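Here the structure comes first, spelled out in structure tokens, and everything after it is commentary.
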Amino acid sequence: MTITEKILAAHAGRKEVSPGELINARVDLILANDITAPIAIREFGKIGAEKVFDPARVAFVPDHFAPQKDIKAAEQCRMLRLFSRDQGLELYFEVGRMGVEHALLPEQGHVVPGDLVIGADSHTCTYGALGAFSTGVGSTDVAASMATGECWFKVPESMKFIYYGSLGRWVGGKDLILHTIGDIGVDGALYRAMEFEGEVVRALPMAGRLTMCNMAIEAGGKSGIIVPDETTEAYVKGRAKREYTLYSSDPDAEYVDIREYDCTKIEPLVACPHLPSNVRPARELADTAIDQVVIGSCTNGRIEDLREAAEVIGGRKVNPNLRMIVIPATQAVYKQALKEGLIEIFIDADAVVSTPTCGPCLGGHMGILAKGERAVATTNRNFVGRMGHPESEVYLSNPAVAAATAVLGRIGLPDELGL
Amino acid sequence: MLIRGRTWRFGSDIDTDAIIPARYLNTSDPVELAKHVMEDADPEFPGKVKSGDIIVADKNFGCGSSREHAPIAIKAAGIQAVVAKSFARIFYRNAFNIGLPIFESPEASEKIQEGDEIEIDADSGLIRNLTRNEEYRARPIPPFMQELIKAGGLVEWTRRKIETA
């Protein structure tokens with residue numbers, strides 16, 4: 001069996017499961033945010049259950065339109081607050097403690113290897129980087145699971161992606177996953193689990209692995225997953241709030257497709273409007289003028305991402321024709337960035353630094369685009385209207401390319417700054 | 001159950017941001033959401049669509065965000081069903097969970113033109129194009145999903161399950 005099948009079997013109380021089977025499985029953690037929880041709360045009320053199955057296993061993170069951007073958003077956030085109090089939820093993260101959910105929960109040790117996690121947010125697939133099965137579902141799924149502690153799943157087929165060779169300078173997890181999505185398309189892994197492996201993945205730090213699994217959904221994947229190793233254990237030790245189990249795929253595990261990529265050939269990439277699969281080398285886009293750069297999100301808002309951006313900015317200034325917005329994904333990331341002097345580098349460069357929020361990534365607040373404007377963002381989606389006006393454009397890149405773009409005022413590479 | 005209505009055509013990879021842009025997600029009120037349904041795919045759509053209409057799209061309909069607001073907006077706008085070559089996974093799940101009938105049919109997706117009048121037999125999966133006098137087959141709905149539909153959605157299914165436990 002694959003690691004995915006083993007985790008699902010264990011949670012369904014079965015010895016084995018095979019792709020295509022429908023199973024009912026126990027969930028270790030259920031997650032919702034200020035956009036999706038209000039519907040889940042409403043539907044939970046209709047089910048007639050009085051209490052959630054376990055107040056230690058339901059996490060509410062108001063991060064999308066929080067800090068509350070307007071009255072309606074404030075009312076949605078209040079629903080989460082009141083429900084959390086009423087139900088005694090242990091994992092409610094008020095503004096001040098909250099961060100972007102998929103950065104926050106692994107960082108705080110609330111997701112551990114071997115877990116089965118569902119979240120009413122499509123980027124829940126991020127936690128596969130820890131060797132967990134995690135997938136996005138809808139609000140009604142969350143409502144039902146809050147009541148029963150279980151969820152129904154179709155066991156997915158698995159696709160294997162093997163990354164070999166070595167990574168060039170300024171190439172990271174973001175470029176690997178963009179390259180992959182560019183190869184298979186936005187529905188290339190539809191309904192499937194994407195298992196990432198190979199020497200490049202084994203050498204990749206946890207931040208890059210989280211970025212890769214985060215964007216599995218952008219290829220239509222049900223989940224992304226990486227078999228845990230020493231890097232995973234080093235990350236989890238000292239954080240894990242629960243006991244964990246390390247699963248791996250059997251040598252004779254079955255895959256519907258196996259793809260191999262020579263990473264030595266992969267250069268910094270950009271996904272152009274309006275699909276994450278519309279991938280081109282950043283160097284080919286040097287004449288693309290940009291109005292705004294956003295560095296942050298569940299994809300690339302971790303400390304490693306801010307370090308990379310700060311290294312490129314150095315003592316330089318943001319181009320006067322452009323706005324740069326930096327959003328540390330969690331309070332811990334923010335504090336660490338302060339300690340390391342990264343925030344000072346950004347402010348001295350005339351960038352703005354925000355409190356953690358999903359904000360502009362989904363066109364919520366904190367940097368919305370006007371008609372005709374273009375942004376380079378380290379986020380995950382570049383759909384029509386994603387960051388604002390339906391006639392605005394989003395280009396997706398890694399933090400180094402985004403930072404170089406901020407200095408140059410057009411899409412560019414750190415190499416152009418002599419780095 | 002027979003579903004009959006006039007069709008509206010959409011292309012491939014219609015994402016949930018196009019179905020209901022995030023700028024309207026500070027509410028989950030179905031009536032409010034319906035006012036903006038498909039707005040970023042076709043700004044005039046909310047004004048054109050009539051109760052009882054059917055959406056027909058190409059592959060990967062509903063990709064992107066997990067927002068249940070997307071099928072809710074479609075349903076609240078009076079759209080009876082969505083037919084597509086394929087659906088993104090979370091949208092597929094959400095549609096069944098909230099009781100929006102959806103049908104996977106590559107053949108119907110290729111042949112139906114905007115404005116065609118179609119009739120879907122939800123039980124057999126037979127799609128009849130009344131305008132062109134053609135018939136297409138939708139992929140069979142897995143038994144568990146049929147059970148969900150019969151129960152009236154996941155909430156009702158779960159409520160009964162808890163009651164009988």
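The values are calculated or read from the model by the stated rules, or taken from the named source; none is laboratory data. Source: prediction; values computed, not measured. Here the Cβ positions follow ideal geometry from the backbone for every residue, glycine too, while neighbour counts run over all protein chains shown. All accessible areas refer to the heavy atoms of the entire protein, side chains included, with ligands and DNA or RNA removed. Shrake-Rupley method; radii C 1.70, N 1.55, O 1.52, S 1.80 Å.
A few points about this structure:
- Dipole size of chain A about its Cα centre, with +1 on Lys/Arg Cβ and -1 on Asp/Glu Cβ: approximately 920 debye, rounded to the nearest 20.
- Each of A:99, A:61, A:82 was scored by the projection of its Cα onto the charge dipole of chain A, and the greatest displacement toward the positive side belongs to A:82; charges sit on the C-beta of Lys, Arg, Asp and Glu.
- Once C-alpha pairs closer than 8 Å and six or more residues apart are averaged by separation and normalised to the residue number of chain B, the relative contact order reads 23 percent.
- Hydrodynamic radius by Kirkwood, which averages 1/r over all alpha carbon pairs of region A:306-393, in angstrom: 13.7
- With contacts taken as Cα pairs under 8 Å and at least 6 residues apart, region A:269-417 reaches a relative contact order of 34 percent.
- Taking all C-alpha pairs of the protein assembly as shown, those more than 32 Å from each other amount to 42 percent.
- Over every Cα atom in region A:130-209, the radius of gyration and the widest Cα-Cα span, Dmax, amount to 15.8, 48 Å.
- Per residue of peptide B:22-34, the mean number of Cβ atoms on other chains within 10 Å of the residue Cβ is 6.
- D (Stokes-Einstein, µm²/s), Kirkwood Cα radius, region A:29-184, 0.692 mPa s at 37 °C: 196
- Percent RCO, i.e. relative contact order, over chain A, from Cα pairs under 8 Å lying at least 6 residues apart: 17
- The alpha-carbon atoms of region A:173-266 define a convex hull whose volume equals 109 cubic angstrom per residue.
- Rolling a 1.4 angstrom probe over chain A with all protein chains present gives an accessible area of which 48% lies on carbon and sulfur atoms.
- Peptide-level mean, for B:12-21, of C-beta atoms on other protein chains within 10 Å: 5
- Averaged over the residues of B:93-99, the number of partner chain Cβ atoms lying within 10 Å of the residue Cβ comes to 5.
- With the gyration tensor restricted to C-alpha atoms of chain B, the semi-axes of the equivalent ellipsoid amount to 23, 21, 13 Å, longest first.
- Normalised by 2.2 N^0.38 Å, where N is the number of residues, the alpha-carbon radius of gyration of region A:20-93 equals 1.18.
- Per-peptide average of other Cβ atoms within 10 Å, ordering B:34-46, A:150-162, B:13-25, A:246-258 highest first: B:13-25, A:150-162, B:34-46, A:246-258
- Listed by chain and number, the aspartates and glutamates whose C-alpha is less than 14 Å from the C-alpha of residue B:35, apart from same-chain residues fewer than 8 away, are B:44.
- When only alpha carbons of region A:269-417 are considered, Rg and Dmax amount to 13.6, 39 Å.
- Options A:2, A:382, A:263, ranked by Cα towards positive dipole end of the protein assembly as shown, top entry (Cβ charges): A:382
- Summarising the strand pairing of the protein assembly as shown, around 30 percent of its internal DSSP beta bridges are antiparallel.
- As a fraction of the 1.4 Å probe accessible area of region B:19-144, surface on carbon and sulfur atoms comes out at 48 percent.
- In region A:60-94, burial by the other protein chains removes 40 Å² or more of 1.4 Å probe accessible surface, compared with the chain on its own, from A:65, A:72, A:76.
- Using equal-weight Cα scatterers in the Debye expression, the normalised intensity of region A:316-358 in log10 at q = 0.17, 0.21, 0.32 Å⁻¹ is -0.44, -0.64, -1.11.
- For the chain pair A and B, the interface hides roughly 3700 square angstrom of accessible area in total, found with a 1.4 Å probe.
- Computed with the Debye formula from one identical point scatterer per Cα of region A:169-222, without solvent, the log10 of I(q)/I(0) at q = 0.15, 0.26, 0.29 Å⁻¹ comes to -0.37, -1.02, -1.19.
- Theoretical ellipticity at 222 nm over chain A - DSSP helices of four or more residues, -39500 (n - 2.57) apiece, nearest 500: -8500 deg cm²/dmol
- With 21 Å as the limit, the listed pairs A:46/B:75; A:154/B:150; A:6/B:161; B:50/B:75; B:48/B:75 have A:6/B:161 beyond it between alpha carbons.
- Where both bridge residues fall in region A:3-261, DSSP classifies roughly 15% of the beta bridges as antiparallel.
- Here region A:269-417 is assigned +1 on the Cβ of each Lys and Arg and -1 on the Cβ of each Asp and Glu. Its dipole about the Cα centre then comes out at about 280 debye.
- Rounded to the nearest 5, the antiparallel percentage of DSSP beta bridges internal to region A:269-417 is 25%.
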